[in-house]
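As structure tokens, the structure follows; a few thoughts come after it.
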Amino acid sequence: SDAYTGTSFDSRYIYYVPFFSDTFIRFDTIGTSFTTTADWQIMSMSTAQGAASLDTAYNGASFDGRYIYYVPYYSDTFLRVQANKLQWS
């Protein structure tokens with residue numbers, strides 16, 4: 001299966017929606033290049049409040065101006081991340 005199923009955008013970063021992946025990924029659109037490592041950031045779901053695990057899946061995300069909300073699919077854990085800070089709340 002695919003590791004990511006969608007994206008959300010906060011006017012700077014593209015946030016990829018994990019689907020059976022234990023890693024959240026975002027890409028900085030004002031960076032130098034899609035292939036530049038420094039323009040990509042990752043964060044393990046194990047650091048999230050509730051400690052989401054590898055078998056967790058999300059099926060979409062939404063941005064409200066402050067947070068990216070991940071829509072649970074095969075998960076009982078609702079997650080949000082503060083945009084522009086890549087910080088769990």
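The values are calculated or read from the model by the stated rules, or taken from the named source; none is laboratory data. It should be emphasised that the depicted structure is a prediction, and the values quoted were computed from it without experimental measurement. FYI the Cβ positions are ideal-geometry reconstructions off the backbone, even for glycines, and counts take in every protein chain you see. Only protein heavy atoms, including side chains, enter the accessible area calculation; ligands, DNA and RNA are left aside. Shrake-Rupley method; radii C 1.70, N 1.55, O 1.52, S 1.80 Å.
Side notes on the structure shown:
- Taking segment 10-28 as the range and being surrounded by fewer than 17 Cβ atoms within 10 Å (Cβ to Cβ), touching a residue at least 24 places away in the same chain (Cβ under 8 Å) and under 14 Å from residue 60 (Cα atoms) as the test, only 20 passes.
- Note on segment 69-89: among residues that are open to solvent by less than 40 Å² (accessible area, probe 1.4 Å), under 16 Å from residue 10 (Cα atoms) and not in a strand (DSSP E or B), the one that is modelled with the lowest pLDDT is 86.
- Set 50, 31, 60: member being open to solvent by less than 90 Å² (accessible area, probe 1.4 Å), outside any strand (DSSP E or B) and modelled with pLDDT of 80 or more: 31
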